[in-house]
Every structure is written in C-alpha cells, then in structure tokens.
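Engineer: Handing you this structure, nothing more for now.
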Amino acid sequence: MPGSTQRTREPVGTAEPGHDSSTTALALGAAVVLGVVVPLLVVRFTPDPAPADTLWRWAIAFTVLVGARLGWVVVTAPRRLFEVVFWIFVYVFLALAPVVQLRSGQHPGTTPRPHVELHAQALLAVVVGTSAVALGIAVGRRRRVAARLGEVPRRRAVVLAVLALLLFGYYTWKTGLPAMFAARDTRSAAALAAWPDPAVNAVVRSLATFPLVVAFVALVRIPARRGLLLVVGAAIVVSMNPISSPRYVAGTAGLSVVVALGAMATRGRARAFGLGFVAALLLLYPVADAARRVVAEVNTRGALPPTLDVMTSGDFDAFEQITNAVWYVRDLGSTDGRQLLGTVLFWVPRAFWPDKPTDTGILLANAREYRFSNLSAPLWAEFLVNGGFLLLVVGMLLVGYVVARADAGADLGFRTGRRPVLAVVMPFYFVILLRGSLLQAMAGFLVILACGLFVERTRRAGPIGPAGRHVLLLDRPIS
C-alpha cells in the first residue's frame, strides 16, 4: 500500500572492497616510496655516523617496515582513519625523526644531555609498543563488530551549536578578542589570568573550542542550517586559528572540517588526503611554529638540509622523551599507575588535591632538571612510566584493539555518507593522545566524546565479520 513501509535487506557490499590490480599497484608504489625511497633520501642527506654507532641501522629497518605498512594502508584502506593516523604518527615522529637524530648526532634542544646509552632500549620500547598495537589491530579486525550509522537530529545539532557559540563567547569575553589572534603565549597568559587553576583552565578552554568543531561536523549533515553553519565556522577560525592555538588543536579542527566537507567522500580523495597528511606533518607542521610564540625556537646549526634539520628541533622530541622514560623507570622506578590516576581524575582542582600528578612530560622534564618543561610524553612513554614494559605491551595491545573496532564500526557510515560525527573528529584528536601528555589531553577528549554522544544517534547496521560482509536493514516505502 502507498505510504506503508517494509524492512528490506539491501546488501551494502564489503567493509573493505577487494583490491583490483590498479589498487594493488598503487599501494605497492606508495609502500616503496615511503618505505624505501624516503629512508634512502634521509640516509643520503645526513652525515655518516662513526662506525661504532650502528643503532641507526636498526632504526632505518624499523622505518622501512613502518613506511611500507603506512603506504599500503593509506591506499588500500584509507577510511580506516584511526589506523592511518597511528601509522602516520609513528612514521614521522618515531621512525624518520630518530633516524635523523641518530645519524646526525643532533638532538632536540628542549631535551639536552640525552642518555645516549639508553637509545637502544628506547628504540626497543618503540618497536615493542608499535608491534603490540599492530597485533591488537589484527585481533580486533577478526572480531565481529556492528557497523554504525550516524543520524543527527536537527534539534540536537542546533542546541549544540548555540551552546558552543555561547561558551566561545564567554571565553572570548574573559580573555579579550585581541588575545584570540595574538601569539600563543599571550593568549595562554590571558586565559591563566581568568582561570588560574590549570585543571579549570584546561576544561574551560576545551569547552570553548571543541564543541564548535563537533557542531560544525553535525551541521554539515543538515542542509537547512547553512547560516548557522557559517557562523560556527567563523567561530572556529577565531577560536582555533594556528597563530594563538596549539598546532595539534588547530590541526584537529581544520582536518575535521575538511573531512566533514567531503575530503574522504571517495576512495581517491581519501588516499590523497592520507598522503597529504604525511606531507603536511613533514613539511608544514614545523614551520607553523613561526608565528605562534613570542619567542620561537630557531635552529641555526645548518649541518642538515632544512627539511631534515627541523627533525632535530623540539617539535620532534618524542624519541628522547621515550629515552627519558626508560631512564626514569631504571633509576627512579615506575609510578605504579599514579600518572594514569591523575589522568582519570584530571578534573579535580589542585586546591582539593595538592599533590596531584603533573603531566608526564613535565614529570620527565623536572626529573631531568630541564629548564623548559612543556614537553611531550608519547603514549609509549606514558605506559613505561606507569608500569614499565609489561604495561607498555598490555596497554598498546588494548589501544590497537580499540582502533580496529572503531574503524570497522565507522566504515559503513563513511561509504554511505552517514559517517558518525565522532569518526570524523576523534581520529585527528588521536594524534594529541599519541603525542601526550595524556593528562593535558583528557579535557578535550572527554568534551569531544560528550558532544558527539549528545548530537548524534547511532544505530547498528548489521554485523561485520572476519569476511568483511554485512547487511543493512532499511525502511523503504512500498508503492
């Protein structure tokens, strides 16, 4: 009868379509470029170390494997965004950068007096942690998971957008509009003057920024609200511009907006997006620091080509911070999870918890007596400091498992145009979680998660099993 509905089964294909010959050829080409050509260029344009210094050879072997894996995944499965982002981070910060630093003998100025004797153990930690994630992904992909389709109720999207604009307006009123376009140090000082407690400051800053991004992604799905979409977009430009905001925060906003507007609508776009992401981290990320601080770090050593020289700057301190974590556990012992407890209870003001743990990056910097303490603490370092190599393996296995399930659940949404909002935003925030410290990243993570869960209703669309097939149940009018 007209107007009646009937649930019909519509095959939606496979979670990962089979690879034709052109896809395989392109994937092999990307794997060769990232896994062979780029590492060879790094070796060619860095000075040869002393014959006794052979650790870089193990680092280059790791780089070859990671680059090949990244090239293959970004071509054959570009919409597995969490996994793609993970391999990009490892490739740039924990593979290429350590090779440059080990071969040149130049290390980030923000981590002076490196424990060179512990570099081998640090590289082992990187390899073990990365391998654990890869194993966790493999296990997670073999488990059945329900595909997720996101539905954005118009009223919820509007409510979130209005609330996000009000929070942004309050933050701007307290800090002053000029501070939003000033150097990052100036804006941070204005925010600290308004909210002196670091925990409160982090929560307020996150509430004034990330809800705007989630609201924008949701509003893209509602064509009737283009005017509100433009207003939210303008607020994002003001609140998360790369001049006054951390580059990871500005990058999360920018990349989420680009994906929401269709950067991954086709497999070709998704591949180009992933490869462009790698190039941006290598070429654009370091120079984006020039205007964000009153006094920017300038590397004038000049012994390396500019593209490689930046990999010895403070932006690429991840390997040395993992080295510091190895030293910390060896000499001072692990914290037995105390740092993770501080991460879980990040919202507790220090007025109520005077000895609340600091960021792990700051903990390591203070232990090494560095003058500059605002350093990263990659997830590898976080697990090491909290529980040594055992927690590193267990924690990274769990991370890989969660990555696989998150990607599988979002795959159908990307291919049908009803991508879950969190699947657009959270993968790019994942970079911040990988880089650390976790404590400073938790406020933004929970704000994004809460906003995504509020603005969107997700429903299961049939199971995805090891074979990758699922069936979507649709309500269709029968004429």
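Bear in mind that the values in this text are calculations on the coordinates, not laboratory data. None of the values given here were measured: they were computed from a predicted structure. Cβ coordinates were reconstructed from backbone atoms using ideal geometry, including for glycine residues, and neighbour counts include every protein chain displayed.
Engineer: Exposure proxy check: SER256, SER373, SER313 ranked by fewest other beta carbons within 10 Å?
Structural biologist: Lowest to highest Cβ neighbour count: SER373, SER313, SER256.
Engineer: Sticking with this structure for a sec: Taking 0.36 nm per residue of separation and subtracting the Cα-Cα distance, what length does fully extending ARG269 through LEU398 add?
Structural biologist: 43.4 nm
Engineer: At what distance in nm do the modelled label points of PHE45 and ASP355 sit from each other, each positioned 7 Å from its Cα along Cα→Cβ?
Structural biologist: Between PHE45 and ASP355, the simple spin-label model gives 5.1 nm.
Engineer: Of PRO39, ALA27, ILE60, whose Cα points farthest to the positive end of the dipole of the range 27-90 (charges on the beta-carbon: +1 Lys, Arg; -1 Asp, Glu; origin at the Cα centre)?
Structural biologist: ALA27
Engineer: Sticking with this structure for a sec: On alpha-carbon atoms, Rg over Rh for the range 325-398 using Kirkwood Rh? Intermediate results must be reported in sequence, preceding the final value.
Structural biologist: Working: Rg = 12.4 Å, Rh = 12.7 Å.
Taking Rh as the inverse mean 1/r over Cα pairs, Rg/Rh reads 0.97.
Engineer: Out of residues 5 or more away from GLY109 or on other chains, whose amide H comes under 5 Å of its own, with H placed 1.01 Å from N in the peptide plane?
Structural biologist: GLY314
Engineer: Within the range 307-333, name every residue whose backbone N is under 12 Å away from a label modeled 7 Å from Cα of LEU283 along the Cβ vector.
Structural biologist: Hits in the range 307-333 for LEU283 at 12 Å: 307.
Engineer: In addition: At VAL116 and THR307, where each label point lies 7 Å from the Cα along Cα→Cβ, what is the point-to-point distance in nanometres?
Structural biologist: Reported label-point gap for VAL116 and THR307 is 2.8 nm.
Engineer: If I take R0 = 60 Å and measure r between the Cβ atoms of VAL32 and ARG226 in this structure, what FRET efficiency does the formula 1/(1 + (r/R0)^6) give, to the nearest 0.05?
Structural biologist: Between VAL32 and ARG226 the formula returns 0.85.
Engineer: If R0 is 30 Å, what FRET efficiency do you get for ARG155 and ASP197 from their C-beta distance, rounded to 0.05?
Structural biologist: Efficiency at R0 = 30 Å is approximately 0.30.
Engineer: For the range 77-136 and the range 226-282, compute the distance between their C-alpha centroids and round to whole Å.
Structural biologist: That distance is 25 Å.
Engineer: Once both labels are modelled 7 Å past Cα along the beta-carbon direction, what's the ARG142-LEU177 spacing in nm?
Structural biologist: Using points 7 Å along Cα→Cβ, the separation is 5.9 nm.
Engineer: What full-extension length gain, to one decimal in nm, is calculated for ALA367 and ARG330 as 0.36 nm per residue of separation minus the Cα-Cα distance?
Structural biologist: Stretched out fully, the ALA367 to ARG330 stretch lengthens by 12.1 nm.
Engineer: When a footprinting reagent is the concern and you count Cβ atoms within 10 Å, what order do TRP353, TRP380, TRP58 take, fewest first?
Structural biologist: Ascending Cβ contact count within 10 Å gives the list TRP353, TRP58, TRP380.
Engineer: On to the next question. Under the Karplus relation 6.51 cos²θ - 1.76 cosθ + 1.60, θ = phi - 60°, what is the ordered set of whole-Hz ³J(HN,Hα) values for the range 106-121, x standing for Gly and Pro?
Structural biologist: Those phi angles translate into 9, 10, x, x, 6, 10, x, 6, x, 7, 4, 5, 9, 4, 5, 5 Hz.
Engineer: Okay, next question. Check each of the trypsin sites (Lys or Arg not before Pro) in the range 329-371 and keep only those in coil by DSSP with at most 15 other C-beta atoms within 10 angstrom; list them in order.
Structural biologist: ARG350, ARG371
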